[in-house]
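The values are calculated or read from the model by the stated rules, or taken from the named source; none is laboratory data. All figures in this text were calculated on a predicted structure; none of them were measured in a lab. Don't worry about glycine lacking a Cβ; one is built from the backbone with ideal geometry, like all the others, and counts go over all protein chains shown. For accessibility, only protein heavy atoms count, side chains too; no ligands or nucleic acids. Shrake-Rupley method; radii C 1.70, N 1.55, O 1.52, S 1.80 Å.
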Amino acid sequence: AEYTGGNVKAAIDSEVIAPHLSASITTGVNSRDQMMNEEFSSLYEAIATAAFLVFVVMAAQFESPKFSFMVMTTIPFSLIGSFGLLKLTGVTISMTSILGFLILVGTVVNNGILYVDTVNQYRQEMDMDTALIEAGATRLRPIMMTTITTIVGMIPMAMAYGDAGAMMQGLALVNVGGLTASTILSLLMLPIYYKLMNRKPKTLPDFD
């Protein structure tokens, strides 16, 4: 039989290792695998901590948690692009790609912060609908310029030139895919979120 990818380990376990196991013979985890598991766990904790700290900083800046939640929605938007590009290129999750997610948490919210802060400033002079449109028109150019320059700068790393490039490819792909997806989706969805979360409550009619 032919085995590829993750099927290889399962085939070895079932056809080679399992028949020789008994009450006195069990499988164990070597120190290298154990160390890698611990490092992966530490990175996951670091990503969660980074997301929390980003939220706290934005809440202090906006002086309102609802705007922080709004900007934080750009993170799941970015995950769509990151996992999609990893799948498209056939690159598996590794230590470097998880480091890419850690970096992405801090960079992907920048466009959302810029847009929401601009809308808040414009609402002091105009109605909400006009502010949402004008903020998008005003900030579209700087948002696209910063995003494109970051993506272009990571393309050589994503091309995996040499052994060192192959090691860092996952990090670059995560950031390229994440920034691309979050920029497009946030520009489309943030105006909708902003309007939904700032709707005026309906008042009951006055019958007097």
Sorted from largest to smallest, which semi-axis lengths in Å does the alpha carbon gyration tensor of the range 75-175 give for its equivalent ellipsoid, taking the root of 5 times each eigenvalue?
34, 13, 10
Accessible area per residue of the range 55-114 at 1.4 Å probe, in Å²?
46 Å²
Which value results when the Cα radius of gyration for the range 112-159 is divided by 2.2 N^0.38 Å?
1.50
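How much FRET efficiency would the formula 1/(1 + (r/R0)^6) give for Ser41 and Lys195, where r is the Cβ-Cβ distance and R0 is 30 Å, rounded to 0.05?
0.15
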Determine the gain in length on full extension of the stretch Gln124-Arg141; use 0.36 nm per residue of separation and subtract their C-alpha separation, reporting nm with one decimal.
3.9 nm
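Using the Kirkwood formula over every pair of different C-alpha atoms, what hydrodynamic radius in Å results for the range 73-116?
Details: mean 1/r = 0.0895 Å⁻¹.
For the range 73-116, inverting the mean 1/r across all distinct Cα pairs yields 11.2 Å.
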Find how much the distance from Glu134 to Thr49 grows on full extension, using 0.36 nm per residue of separation minus their present alpha carbon separation; answer in nm with one decimal.
27.2 nm
Provide the FRET efficiency to the nearest 0.05 for the Lys66-Ile148 pair, computing r from the beta carbons and using R0 = 25 Å.
0.25
